[in-house]
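Here is the structure we will look at.
Here, each number is a calculation from the coordinates, and none is a lab measurement. Please read these numbers as outputs of a predicted model, since none were measured by experiment. Don't worry about glycine lacking a Cβ; one is built from the backbone with ideal geometry, like all the others, and counts go over all protein chains shown.
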Amino acid sequence: MSRRIALAVAAGVVVLGGAGAFALAYAGEQPPAVSNSAARYTAPDGDRNGSLSFVTDVTAPSGVKSVKVLAWPANSPFAKKGLTAKDMADVESATCEPSGAHTVRCTYSAGVGEADAKSSPRGVWHVAVLATAKDGTTTLNTEAADFMVR
């Protein structure tokens, strides 16, 4: 092999290696992605408690550290001032199970008693999700899913 061909091959390897390293670095900095979210609300009926169930998929190249969930009425103060990651700091966490290479399927459920149902505002509610990746990046989706309280 001539010296010129060897240098061209070496330069090509360096360029491809650099591009690969850039792609890996970029992938590691991407915030979590929240998708396929759905919520289901069932009101209490007689002696039977109601429930709120929520499911979502979260994908993060570095892995998912935590997923926090908050249901909030559309006519609440959050609608005017906006929900922030700070507001989500002390809310409950979803339970997540691996469902792909960098994806987890997260579920959250809560019982709804008669007193809670009677004191809850009627109308549209939203479910907010704060997803935190293992590399520290976060995504806040304030309206990942909706449900109706009648």
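In whole Å, what are the Cα extents of region 93-150 along the three principal axes, biggest one first?
Principal-axis extents of region 93-150 (Cα, largest first): 42, 19, 16 Å.
Cα-Cα pairs above 19 Å in region 35-150: how many percent?
Everything past 19 Å amounts to 47 percent.
Please tell me the relative contact order of region 37-136 in percent, rounded to the nearest whole number, where contacts are Cα pairs under 8 Å and at least six residues apart. Write out the running numbers ahead of the final one.
Values: 177 pairs, mean separation 41.5, N = 100.
Relative contact order comes out at 42 percent.
Please give the length that would be gained between Arg150 and Val124 if that part of the chain were fully extended, namely 0.36 nm times their separation in residues minus their C-alpha to C-alpha distance (nm, one decimal). Before the final figure, lay out the partial values.
On the way: separation 26, 0.36 × 26 = 9.36 nm, distance 0.88 nm.
8.5 nm is the gain from fully extending Arg150 to Val124.
Sort 84-96, 138-150 by packing, meaning the average of other beta carbons within 10 Å per residue, with the highest value first.
In descending order of packing, they fall as 138-150, 84-96.
Provide the gained length on full extension for the span Ser35 to Lys134, in nm with one decimal, where the gain is 0.36 nm per separating residue minus the Cα-Cα distance.
Numbers: separation 99, 0.36 × 99 = 35.64 nm, distance 1.82 nm.
Fully extending the segment from Ser35 to Lys134 adds 33.8 nm.
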